[in-house]
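Note sheet for the following structure.
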Amino acid sequence: MMMQSYGERRLDELEAELGRAQIVSARLISKVADACGRTVPGVSARGRIDRLIAVEAWTEAALALTELESPRWKLRRLILEDGSWICLLSSQWKLPDWLDDQVEFRHESLPLAILGALVAARRCGETAAATATARSVPRCPIELKDGTILSCDNFA
């Protein structure tokens, strides 16, 4: 059985907390920002999020945080279905749904659905980074005599 890293465990706990939350608060958004934070040159983007939090513009703050902290993931769909919001983030928005890496989070509150999807996307990034370092077959390009290079990636 694989052991979860501290970062994965923290993201799992945060995702569970977002699922249980009834209302959005500045503390909760700040907690998500800290957990999903990455070093960004320039303070202006984070200052914008802080201003949105100060005026309690929760949805705009959640969208801005998603854009800032997870540039690889783009908002693909927001749907209100049976009283709960479904937020779908996509890593390759030009691909059809069935080919793309996607994360989804459901919640009665729109900003909490967006924040939950952000945490789920960040968790996918942590998992992908962990599996990338633990390959069963190493990459080994082979160069033939005529200069052609072959790849030995394991696609199984």
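The values are calculated or read from the model by the stated rules, or taken from the named source; none is laboratory data. Only a predicted model underlies this, so the values are computations on that prediction, with no experimental measurement involved. Using ideal geometry, Cβ is built from the backbone for each residue, glycine included, and neighbour counts are taken over all protein chains shown.
Can you name the residue in segment 35-58 that is out of contact with any Phe, Trp or Tyr (no Cβ under 9 Å at 6 or more places or on another chain) and crowded, with 18+ Cβ neighbours inside 10 Å and is also modelled with the lowest pLDDT among such residues? Per the stated criteria, the residue is 36. Across segment 78-95, the number of residues qualifying as in contact with a Lys or Arg (Cβ under 7 Å, 6 or more places away or on another chain) and in a loop (DSSP other than H, G, I, E, B) comes to 2. Of everything in segment 6-37 that is touching a residue at least 24 places away in the same chain (Cβ under 8 Å) and outside any helix (DSSP H, G or I), the residue that is nearest to residue 70 (Cα to Cα) is 37. Taken as a whole, the condition of being assigned to a helix (DSSP H, G or I), at pLDDT 85 or above and surrounded by 14 or more Cβ atoms within 10 Å (Cβ to Cβ) does not apply to residue 104. All told, residue 93 falls short of being hydrophobic (A, V, I, L, M, F, W, C), farther than 16 Å from residue 16 by Cα and modelled with pLDDT of 90 or more. When residue 146 is tested against (1) surrounded by 14 or more Cβ atoms within 10 Å (Cβ to Cβ); (2) at pLDDT 60 or above; (3) farther than 30 Å from residue 22 by Cα, exactly one condition is not met: (1).
Listed conditions (1) surrounded by fewer than 16 Cβ atoms within 10 Å (Cβ to Cβ); (2) aliphatic (A, V, I, L, M); (3) modelled with pLDDT under 90; (4) closer than 17 Å to residue 115 by Cα are all met by residue 79, apart from (3).
Residue check: is residue 56 more than 13 Å from the chain's Cα centre (by Cα), among the charged types (D, E, K, R) and in a loop (DSSP other than H, G, I, E, B)? Taking the combined requirement at face value, the residue satisfies it.
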